[in-house]
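The values are calculated or read from the model by the stated rules, or taken from the named source; none is laboratory data. What you see is a predicted model; the values in this text were computed from it and never measured. Cβ placement follows ideal geometry from the backbone for every residue including glycine, while neighbour counts extend to all protein chains displayed.
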Amino acid sequence: MSDRLAGKIALVTGASRGIGEAIARRLADDGATVVNASIIEPTYDDRPDIAFEHIDVTSPESVESVVASIVERHGRLDIVVNNAGTEVEKSVPETTEKEWDLVMDVNVKGVFLVSKAAIPHLIETRGVIVNQASINAYWAEPDLAVYSASKAAVLQLTRCMALDHGRDGLRAVAICPGYVRTDMTEQYFDSQSDPAAVRAGMTGKMPLDNRLAEPSDVASMAAFLCSDDASYLSGQAYVVDGALSSGRPFEWH
């Protein structure tokens, strides 16, 4: 699409599908050299320009090895997109300790570990960290207790990294998507007793164009935040939800 990220080396976690895949593709389209670091291998084979590294974002050894490998191969690291995440749809009493630990380990500890390993290299390049949060960091919704708590923690980590390392030239920002049309969303619809009705009810309440966001909508925000056009943006969260959270919360499930 452009060359505004030409020469940049980007690490995107969880980029084998969904929003992460869209972000990896968009950064590569804008000229970056992209590494998809994920626990699952990508199913797409049409982008040989997007390298794959296996990573477990909950393991310090795995994270440090991947970051070191990228820097050794490319000589630098300019962009980190912490996209890897997971979700449990339960209230607090229904959530097991194991489920709590899983969500917090992937969504929060993963951001911490990847950022910790990458920050020294990003300081050298005056780079940027883009963390995937959610409107659920601000906006409570039934049966998303641990997920929402994890995304609120991601926002605070983002702000703290922006404050702690701003004088080093490092930027840290977050993206807060609303409801995005991904395979996981479609699986949710298909699991309902009346998928068509649930799908129509959800999309019909979207203020902008009565549609869910596409992964490319989130990817466009990520590409902008990684570019020099956003060179003075740090410590903030950018909502991509078509005005959904501007109004009154609703229950669609």
query = How many residues does segment 155-182 hold that are buried (at least 19 other Cβ atoms within 10 Å of the Cβ) and of a type in the set (S, T, N, Q)?
reply = 2
message = Checking residue 162 against (1) of a type in the set (A, V, I, L, M); (2) under 29 Å from residue 210 (Cβ atoms); (3) in contact (Cβ under 8 Å) with a residue 12 or more places away in the chain: exactly one of these is not met. Which one?
response = (2)
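Could you tell me how many of the residues in segment 224-244 are hydrophobic (A, V, I, L, M, F, W, C) and on the phi > 0 side of the Ramachandran plot?
First pass over segment 224-244, keeping only residues hydrophobic (A, V, I, L, M, F, W, C): 224-226, 230, 233, 237, 239-240, 243-244.
This time we only want the ones that are on the phi > 0 side of the Ramachandran plot, so: 243.
The total comes to 1.
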ask   = Do you know which residues across segment 206-223 are of a type outside the set (Gly, Ala, Ser) and surrounded by fewer than 17 Cβ atoms within 10 Å (Cβ to Cβ)?
value = 207, 208, 209, 210, 211, 214
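Please specify each residue of segment 131-173 satisfying the condition of being β-branched (Val, Ile, Thr) and more than 17 Å from residue 241 (Cα to Cα).
Narrowing segment 131-173 to residues β-branched (Val, Ile, Thr): 135, 146, 154, 158, 173.
Scanning segment 131-173 gives 146, 154, 158.
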message = Given the condition farther than 26 Å from residue 91 by Cα and either of a type outside the set (A, V, I, L, M, F, W, C) or touching a strand residue (DSSP E or B) at 6+ places or on another chain (Cβ under 7 Å) (or both), answer yes or no: does some residue in segment 132-153 qualify?
response = no
inquiry  = Between 188, 138, which is among the aromatic types (Phe, Trp, Tyr), in the same structural domain as residue 79 (by TED's automatic domain parsing) and under 23 Å from residue 83 (Cβ atoms)?
reply    = 138
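Scan segment 29-52 and tell me whether some residue there is assigned by TED's automatic domain parsing to the domain that holds residue 155, in contact with a Lys or Arg (Cβ under 6 Å, 6 or more places away or on another chain) and buried (at least 17 other Cβ atoms within 10 Å of the Cβ).
Here is the first cut: in segment 29-52, the residues assigned by TED's automatic domain parsing to the domain that holds residue 155 are 29-52.
Next, from what is left, pick out any that are in contact with a Lys or Arg (Cβ under 6 Å, 6 or more places away or on another chain): 30, 32.
Subsequent filtering for residues that are buried (at least 17 other Cβ atoms within 10 Å of the Cβ) retains 30, 32.
Yes, the conditions are met somewhere in segment 29-52.
Just give me the residues in segment 134-145 being under 17 Å from the mean Cα position of the chain (by Cα) and in a helix (DSSP H, G or I), in sequence order. Steps first, answer last, please.
If we filter segment 134-145 for residues that are under 17 Å from the mean Cα position of the chain (by Cα), which is where we start, we get 134-138.
Selection gives 135, 136, 137.
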note = Of (1) touching a Lys or Arg at 6+ places or on another chain (Cβ under 9 Å); (2) under 22 Å from residue 138 (Cα atoms); (3) not assigned by TED's automatic domain parsing to the domain that holds residue 23, residue 222 fails just (3)
key: Pairs where the first residue, in segment 27-49, is under 17 Å from residue 83 (Cβ atoms) and in contact (Cβ under 8 Å) with a residue 60 or more places away in the chain and the second is among the charged types (D, E, K, R) and in a loop (DSSP other than H, G, I, E, B), C-beta under 9 Å, 6+ apart   = 27/8; 30/3; 30/4; 30/8; 32/8; 32/78
ask   = For residues in segment 1-24 being of a type in the set (D, E, K, R) and more than 12 Å from residue 85 (Cα to Cα), which is farthest from the chain's Cα centre (by Cα)?
value = 3
query = Does at least one position in segment 17-25 carry a residue that is assigned to a loop (DSSP other than H, G, I, E, B), touching a strand residue (DSSP E or B) at 6+ places or on another chain (Cβ under 9 Å) and in contact (Cβ under 8 Å) with a residue 40 or more places away in the chain?
reply = yes
task = Could you check, for segment 245-252, whether at least one of its residues is in a helix (DSSP H, G or I), touching a residue at least 24 places away in the same chain (Cβ under 8 Å) and surrounded by 14 or more Cβ atoms within 10 Å (Cβ to Cβ)?
result = yes
ask   = Just checking, how many residues over segment 205-232 are under 21 Å from residue 246 (Cα atoms) and outside any helix (DSSP H, G or I)?
value = 10
note = Only one of (1) free of Cβ contacts under 8 Å to residues at least 12 places away in the same chain; (2) buried (at least 23 other Cβ atoms within 10 Å of the Cβ); (3) charged (D, E, K, R) does not apply to residue 151, and that is (1)
